[in-house]
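Input: a single structure, listed below in C-alpha cells.
We did not get these values from a lab; they are worked out from the coordinates using the rules stated. For clarity, every value in this text was computed on a predicted model and none was experimentally measured. Glycine gets a Cβ as well: all are built from the backbone with ideal geometry, and neighbour counts include every protein chain shown.
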Amino acid sequence: MSKVKLLIIEDERPIRSFIKASLRDDEFDIKEAVNAADGMALVATWNPEVVLLDLGLPDKDGLEVTQLLREWTQVPIIVISARGQEQDKIDALDAGADDYLTKPFSLGELMARVRVSLRHRQNASKPDEPVFEAGTLKIDFASRRVWKGQEEVHLTPIEYKLLSVLARNAGRVVTHKQLLHEVWGPAYTTESQYLRVYSAQLRHKIELDPARPKLITTEAGVGYRLKVD
Amino acid sequence: MTNTRPDPDALLQKLQSEEQREHRGRLKLFLGASAGVGKTYAMLSEAQQLLNRKVDVVIGVIETHGRAETERVSTGLPVIGQRPVEYRGVTLRELDIDAVLARRPSLVLVDELAHTNVPGSRHIKRWQDVDELLEAGISVYSALNIQHMESLNDVVAQITGVQVKETVPDAFVQKADEIELIDISPDELRERLREGKVYVPTQVDVALEGFFRKGNLIALRELALRTAADQVDTQMQLYRKDEGIRALWATRQRVLVCIAPNRLGGKVVRAAARIGKTVHSEMVALYVESDRQARRSDEERARAEEALRLAEEMGIETSRRTAHDIVGEILAFAASKNVSLIVVGKPIKQRWKEILHGSVVDELVRRSGDINVYVISDDAQDGPTRRRLPKLTPNTQDNPIDYVVSVTACIVATGLSALIYAHLPDANVVMLYLLGIALASYRTGIRPALACSILSVACYDFFFVKPRFQFSVSDAAYLPTFMVMLGAGLLIATLTQRLKAEANHSVARERRTSALYEVTRAMAKSRGRQEIADAAADRIRDDFHLDVAVMTPNERGRLTPLARSRSHFENDHTEWPVAQWAFDNGKLAGTTTDTLPSAKGFYIPLISGTTSQGVLGVKPLVEGEALDPSLQTLMQTFASGLAVALERAQLARESHRARLEAESEKLRNALLSSVSHDIRSPLTAIAGAASSLLEHRGDADVLAETIYKESQRLNRHVRNLLDMTRLESGTVKPNLDWNNVEELVGGALARSESVLSDHPIETELPPDLPLIRVDGPLIEQALVNLLENAGRHTPPGTHVLVAARIEGRNLALRVIDNGPGISEEIASHIFDKFESFDPTRQGFGLGLPIVRAILRIHEGEAKLEARTPGATFLLLIPLSNNPPEVPIV
C-alpha cells in the first residue's frame, strides 16, 4: 500500500512537528509549507492526497486559499482553526473545505478526519453504494427505505432527503447552508428554522435518545455530522 | 485672661489673604487732597524709573488734562490703546481691559480710579476694572482724590458743598498694598492753579472761588493726611497681627449698623464705617424687615438693599432678618455678635406720626441696656423726597369698575336706609352707610373707597337729614355726625386697604416660598447633574416666569449649557461673555449689577464651598422687560442651593467612579493571581511530565496522560478567559438564529460527556417546545458550564437533570443535581468573577460569570434557584413574539 501524501500548510512550527511526529512514517508522506503561497505551489506540483490548512496564515486568509484551490482541484481540505475564527471556518467549509479541526486537537481527531476525507475521495470515483449502514441505522437508497435496528422507520420526503445528504457525507460536517441548499434549494439557505425542525423530527425517528443523539450530532454554530464509527 | 496666642480665625484669614496676595497683582495708590496736586505726574515719574529698570510697565489710561509737564514725563512709556465706545453719538475712550489682560504687563498705569465707565462697558466703575486686573495678577498704579472715597463722601460734601458721584469703596482703597500721599500746601496749589498748570486759564477764576477756596483745600488736605495715616496705622496693625504679638482688640467687640429703609441708609453706613475704623472694631450691618412689611413700598425696600450693598462694598458683613419686634431682633442680634456700639439713623418724622407709631430709635435707646447707641441725625432739611406725602397704597391701580362698585354700594345703602328710616333711629342709617363703605373698600381701591365715603356723607345729608332732599342742614348737631362719619369712612377705607395689601403681600411671599421649596425638592429628588439642572430650569420657568439657563464649564473652563428652559440666550454672542465673566470672577454679572449691566440676563455664579459649579442665568420671558429686583435675592438663594446640589451630584459621580475603579482594581488583582496560579500549575505539570519523558523515566503512559489532562485544563482556562473578555468587552453581539432546545441540550451533553461520565444524566424536554431565537453556540456554552460545574462539584453518582419548560414569556432551562448543595456563604456571590469555590482549583471561577454574561446579552437571566438539597441553576430565556412558520411536508 502506497503512502498517503499529506500536505501541512501551517506557520506554527510546534504544530507542524507534532503532526509530523505523530503520523507514522510508513503510512504518510508529509510535506510542510509555512505560508499560503508555498502551500498552493506544493498542491500544484506535488499533488497531495490530503491538505491540512491552517486558517491563521500570515499571507492569505484560509477562505481565499480554499476558494483558489477549489478552482482547479478536489483535493480534500481539512481546515485547522483557533477560537475566534468561527466565521472563517464556516466560510471555508461553505467554500468547499471538507472538514475542520479546532485547536487544540488530538491525534485521534486528526486521524478520524483524514480517514473520512480519504474515503470520500476514493468513493468519489466509484458509483454510490446502494445501501448505507451506520450503527443501528440502515438506508436503502434504491428503495428509499430506512431502518432503525430491525424496525423500518417512515420518513417524510424532506426528512429522507436530509438524511440522505448527511449519509452521503457520512463522517463529514455538513454546514447549515449546504444542507438547506441541498434539501430545500438555493432560495432557502438562510431559513435555518426549517433545518432545526426537520433535524429534530429526524432524530426522534432514528435516534434512541433524541436528547443525546449518537447518529446525527450537532456541531454548534456550524452544521451537522452523521457519525460513522 | 489675656490671650496672646494668635486667634485661629485670624491665622486662617492671614493665610488666605497671603494666598490671595500671592497671585494677586499689587496696587499702589497715589492719593491727593484734590486735583492738581501732581498725582499723575508722580505716577508717571515713578513709572519712568521702573521702565529704566526694565520693568514691563505700560500706560492703560492717563489723564494729562493737557498739562504740558505731565505729557512730557509720559513720553517713552508704552501705551495700550484705549477702547473707543459709542455713547449717544459721541465716541468716548475707555480702558481696554481685555487688551491689558491679553498683553499681561507686570504693571499698568490706570489714572482716575473713581472714574465711572461709559454705559455698556464691562464694569460700571473703573476701580472694578482695576480689581479684575489685580485679580489676574497684574499690578496697577492708580491715582485717587480724597473726595472720591466712599466713606468720606458726606464729609467732603459738607466741606465743599459739592456732592461727588464718583466714589471708590473704602474696602478697595484699604486693599491697596501701598498708598503714596501726594501733598502740596494749599497756597502752592492755588499758585499752580493761577499759573494755569492745573486747568485751562479760562476756568481758573471760577475754580479759585469755588472748589479751590483755601478753606476747602485745608480741610481736604487734612482728610487726605488722616486717611494716609490711617492706612499706615492699619498696615502697622496688620503687621502686629501677623507677628502674633497680641489680638487687635481683646474682646472682639463689634459695631452694628442698623439699616432702615429710609434715605439715611447710605449715610449711616458711611458714618458707621468711619467710626468702626477709628475704634478698630469689626463691623456688622443688619436690616430687619418688619413682618408687617406690606406697608413698605418697593422703593423703601430698594433703598434698604442699596444701603446693604454699600455696606458689603465697604467690606461690612451684612445680615437680613424678618421680625415682628424690630427692636427686640436688633438687640438679640447685637447680643449674639458681641456688639458694643449700635449706629442708627434718625429720620425727622412728623411729630404726630412718632407719637402714633412710636419710634424705633427711641425704643432702641430705651431698651439697649449697656450697649451704646450712636444716632446719626438727618440734617438735610431740604431733600426732595422728604416733601413727598407718604403714599397710602402704592401698588393699586384704579379701575373705572371700582368707582361703579363704590357708587353702587352707596346707592344700595341709601335704598336700604330709605326702607328702615321711618322705623328705626338715625344711627342705623349711619351704620348702613358705614357698612357700604366697608364693603366698597374691601372690593375696590383706596380712591374709589374714599369717593364712596364722601358720597355716603353727601347722600346721608341729602336724603335723610332734615330738611330732606337739600344739602343744607338745619340742626348744627349733625355736623359732628358728618365729620365722624367721614372720618370713620376714611379710616375704614385705609385700614381695609392695608389689610388687603398685607394679605396680598403674604400670599405673594407664600407663593415664592413654596415655589422655592418646590425647586429645592425637585433638585433633591433628581439624580445626576443634567437632571438637577433640568429640574431647576423647569421650576424656575414655571414658578417665576423667567427664562433660565444653567451653564457648566467644560474641561477648558468654557461654559456650555447644561439645561435651559426656552430660548438659547446663553448662546447669544452678547450674553455668553457676561455669563463667562460671572463664572471666571465668581461674581454677579449682567443686568442690575455693576458688571456689564447692559446685558439682558442676570448671571449668578454657582459657588459651593470652594468650587464653582457653573453659572445660573435668568432673564424675563418677555424681551425687554426688567428683572424684578426682589427676584434677584431669591435667585441668589436658589443659586446657592443649585450649586450645592450640583456639587453633590458631582461628588456622587466621582465617588461612584472611584468605587468602580477600586472594584476593577480588585478584579485585576484577582485575575492576575488567577492567571498566575491557574495557568502556571498545569504548565508546571506538563513541563515536569514532558521532561521525565525526555529522560525516559517514570511510567510513560501516566506521564503522557498527565500532559494530556493538564493541557485540557489549560485549554479550558484560556477558553474561559477569552470568552469572558469577549463578553465583557461589550462587542459580542449574539448571533441570533432559530434554535432547537433539544439540540442545544444534546450538544451540551455531548461536550460535557467526559466530565459527567460518572454522573447519571436525565433530561425532561417536552415535545412541544418552540424554537428559541438565541445564539446557539453561546447558550450551548452556558449549558456546558453548568453541566461541567455539576460534574466537577458533586460526588460521582450524583444525578443530574436537565429540564426545560415554558414559564410565562420565558423558556426556563434548569440544571438540577441531587448533590450536597451549596453553602449560603458561597451562594451569595457564586456568580462573581474569580470566585472559585473548588478547593482543587479546577478553574478560574469564570464558568458562572460567563453563564450570566451570556444570558445577559440575550436579555435573559441566570440564577441559583435552589442551593440545598442539591443545586438548581435556572436559565431564563425570553421567548420570541413571533416564532417562525415551518411547513411540515
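Within the set of other residues whose C-beta is less than 14 Å from the C-beta of B:R867, count the net charge using Lys and Arg as +1 and Asp and Glu as -1. Intermediate results must be reported in sequence, preceding the final value.
Working: positive: B:R814, B:K863; negative: B:D817, B:E824, B:E825, B:E865.
My count for the surroundings of B:R867 gives -2.
When the chain is fully extended, how far beyond the present Cα-Cα distance does B:L50 get from B:N715, taking 0.36 nm per residue of separation? Walk me through the numbers on the way to the answer.
Values: separation 665, 0.36 × 665 = 239.40 nm, distance 7.91 nm.
Between B:L50 and B:N715, full extension yields an extra 231.5 nm.
Sort B:L671, B:L31, B:L651 by Cβ crowding within 10 Å, fewest neighbours at the top.
Values: B:L671 18, B:L31 26, B:L651 12.
If I rank by nearby Cβ atoms, fewest first, I get B:L651, B:L671, B:L31.
To the nearest 20 Debye, how big is the dipole of the range A:6-70 about its Cα centre, given +1 on the beta carbon of each Lys and Arg and -1 on that of each Asp and Glu? Please list the in-between numbers first.
Values: 7 positive and 14 negative charges, 7 e Å.
Dipole magnitude for the range A:6-70 comes out near 40 debye.
Between A:T175, A:T190, A:T66, where does the largest GNM mean-square fluctuation fall for chain A, given springs only between Cα atoms within less than 10 Å?
Greatest mean-square fluctuation among the candidates belongs to A:T190.
So, in nm, how far is label B:T91 from label B:E555 when the simple model puts each one 7 Å beyond its Cα toward the Cβ?
Calculated label separation equals 4.4 nm.
Using a 10 Å cut-off around each Cβ, can you sort A:E86, B:E555 from fewest to most neighbouring Cβ atoms?
Values: A:E86 17, B:E555 5.
So the residues, fewest neighbours to most, are B:E555, A:E86.
For the pair B:V365/B:S514, report the inter-label distance in nm, with labels modelled 7 Å from Cα in the Cβ direction.
With each label point 7 Å from Cα toward Cβ, the separation is 4.6 nm.
Would you order B:R648, B:R527, B:R773 from fewest to most other beta-carbon atoms within 10 Å of each residue's own beta-carbon? Walk me through the intermediate numbers first.
Details: B:R648 16, B:R527 10, B:R773 20.
In increasing order of surrounding Cβ atoms, one gets B:R527, B:R648, B:R773.
Of the cross-linked pairs A:K138/B:K863; A:K5/A:K227; A:K214/B:K709; A:K5/A:K60; A:K31/B:K709, which ones have a Cα-Cα span greater than 32 Å in the structure shown?
Details: A:K138/B:K863 44 Å; A:K5/A:K227 25 Å; A:K214/B:K709 25 Å; A:K5/A:K60 23 Å; A:K31/B:K709 30 Å.
Table pairs above 32 Å Cα-Cα are A:K138/B:K863.
What nm distance separates the two modelled labels at B:V622 and B:S506, each placed 7 Å from Cα along Cα→Cβ?
A separation of 3.0 nm, rounded to one decimal place.
Fully extended, how many nm does the chain gain between B:Q650 and B:Q174 (0.36 nm per residue separation, minus their Cα-Cα distance)? Present the calculation step by step, with values, prior to reporting the outcome.
Working: separation 476, 0.36 × 476 = 171.36 nm, distance 3.79 nm.
Taking B:Q650 through B:Q174 to full extension adds about 167.6 nm, to one decimal.
Extension gain B:S319-B:V279, at 0.36 nm per residue separation less the Cα-Cα distance, in nm?
On the way: separation 40, 0.36 × 40 = 14.40 nm, distance 2.17 nm.
Once the chain is fully extended between B:S319 and B:V279, it gains 12.2 nm.
Tell me the angle of helix B:847-857 to the major Cα principal axis of chain B, expressed in degrees between 0 and 90 and rounded to the nearest ten.
60
Looking at the square roots a ≥ b ≥ c of the eigenvalues of the Cα gyration tensor of the range B:19-157, which shape do they give, rounded for a/c under 1.5, prolate if a/b is larger than b/c, or oblate?
Numbers: a/c = 1.18, a/b = 1.10, b/c = 1.07.
Rounded, since a/c falls under 1.5.
Which residues in the range B:167-186 place their backbone N less than 20 Å from a point set 7 Å from the Cα of B:E306 along the Cα-to-Cβ direction?
Only B:167-171 fall inside the zone, counting backbone N under 20 Å.
Can you give the angle from 0 to 90° between the axis of helix B:529-544 and the longest principal axis of chain B, with both taken from C-alpha atoms, to the nearest 10?
40
I'd like the orientation of helix B:214-243 relative to chain B: the angle between its Cα long axis and the longest Cα principal axis, in ° from 0 to 90, rounded to 10.
30
Would you please state which residues of the range A:199-217 a label at A:E151 would reach in this model, taking the label point 7 Å out along Cα→Cβ and a backbone N cut-off of under 18 Å?
Label zone hits: A:200-216.
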